[in-house]
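These notes are about the structure you will find just below.
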Amino acid sequence: AQSVSQHNHHVILSEAASLELGCNYSYGGTVNLFWYVQYPGQHLQLLLKYFSGDPLVKGIKGFEAEFIKSKFSFNLRKPSVQWSDTAEYFCAVNGASGGSYIPTFGRGTSLIVHP
Amino acid sequence: SQTIHQWPATLVQPVGSPLSLECTVEGTSNPNLYWYRQAAGRGLQLLFYSIGIDQISSEVPQNLSASRPQDRQFILSSKKLLLSDSGFYLCAWSVPGTSSNEQFFGPGTRLTVL
C-alpha cells in the first residue's frame, strides 16, 4: 500500500522568505508524484508533478520540487514567497505499476504568508 | 476545454434524510471519476472511483454510495445521512490509461448535517 506523510501542517512566513514543505512517501515501486494547491475559495489544482526524467521539476508560480528516490521524498520549494501563495498544499503519490490510477494524498499543509 | 461541475455548492440536511450530490464533466470522454471528502487537517479521503459506466469501486466503508449512470456523470448518494457525513465533498476526473495523469477537481459541495 502507498502512503504519504506531510510533516508541516501549518507554516507561517513573511513575504520574501524561502519555503520548503516536506513530503515523504511509502511505496515499493515506481511512483508518480504530485503537488496540488488550493487557494482560498478556489478549486484544488495541480502545482507540479513528477513521473520520469529530471528529478527537479518546476511548476507554476515559481514553485519547484525535487524527487529524491533514496529518501522517498518530494519536497516543495520556493525561494521567495508572496502573500498570494497563502493556500493549502497537498502532496500526492500514485504507484506507476499495476494499472493503479488512484493517488494517495497527504494531510495537507496550510501556508500563511504575511505581507 | 474540459470543465467539471458540482452541485449544489452548499447543502444543509437533517439527520436521517437522503442525499444526492451530482458531478458532471464536459469536454472529455470516458474519464476516470472520483469522489473525495476533505476534512480540515486530514487531507483528502477517497470515497469512490469509477473507470467506466456502472463500474464503481468503494475505497472506504461508508454510509454513502456512488453511481455513474452516464459516461460523464457521477452521483454521490445516501439513504439516511448521519452527523458524521458532514464535510466538504470533492469530485475529480482524470484522463484514463496512465497513472501519471493528474486529477482535475470540481468546486466542491459543503454538506452540513444537523
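The values are calculated or read from the model by the stated rules, or taken from the named source; none is laboratory data. Owing to the predicted nature of the structure, the values given are computational and were not obtained by experimental measurement. Here the Cβ positions follow ideal geometry from the backbone for every residue, glycine too, while neighbour counts run over all protein chains shown. What goes into the accessible areas is simple: the full protein's heavy atoms, side chains included, and nothing from ligands, DNA or RNA. Shrake-Rupley method; radii C 1.70, N 1.55, O 1.52, S 1.80 Å.
A few points about this structure:
- Rg(Cα)/(2.2 N^0.38 Å) for region A:3-114, N = residue count: 1.02
- Net length gained if the chain between residue B:2 and residue B:55 were fully extended (0.36 nm per residue, minus Cα distance): 16.9 nm
- Here the dipole of the protein assembly as shown is about 300 debye; that uses its Cα centre as origin and unit charges on the Cβ of Lys and Arg (positive) and Asp and Glu (negative).
- Our coupling estimate for region A:20-31, obtained by passing each phi through the Karplus curve with A = 6.51, B = -1.76, C = 1.60 and θ = phi - 60°, is 9, 10, x, 8, 10, 10, 10, 6, x, x, 5, 10 Hz, Gly and Pro reported as x.
- Net charge dipole, chain B: roughly 320 debye, given to the nearest 20, about the Cα centre with Cβ charges of +1 for Lys and Arg and -1 for Asp and Glu.
- Surface composition of region A:3-114: carbon plus sulfur atoms hold 54% of the accessible area, using a 1.4 angstrom probe and ignoring ligands, DNA and RNA.
- Between residue B:29 and residue B:110, the C-beta separation translates, for a Förster distance of 22 Å, into a calculated FRET efficiency of about 0.15.
- Counting charges near residue B:44 (Lys, Arg +1; Asp, Glu -1) among other residues having Cβ under 12 Å from its Cβ returns a value of +1.
- With a 1.4 angstrom probe, the accessible area lost at the A-B interface totals about 1700 Å².
- Rounded to the nearest 20, the Cβ-based charge dipole of chain A about its Cα centre (Lys and Arg +1, Asp and Glu -1) stands at 200 debye.
- Interface burial in region B:77-104 reaches 30 Å² or more for B:99, B:100, B:102, B:103, comparing the full protein assembly with the chain by itself; accessible area from heavy atoms with a 1.4 Å probe.
- Furthest towards positive pole of dipole, B:100, B:29, B:63, structure part region B:3-113, Cβ charges: B:63
- Per-residue extension of 0.36 nm, minus the Cα-Cα distance of residue A:102 and residue A:16, leaves a gain of 27.4 nm for this segment.
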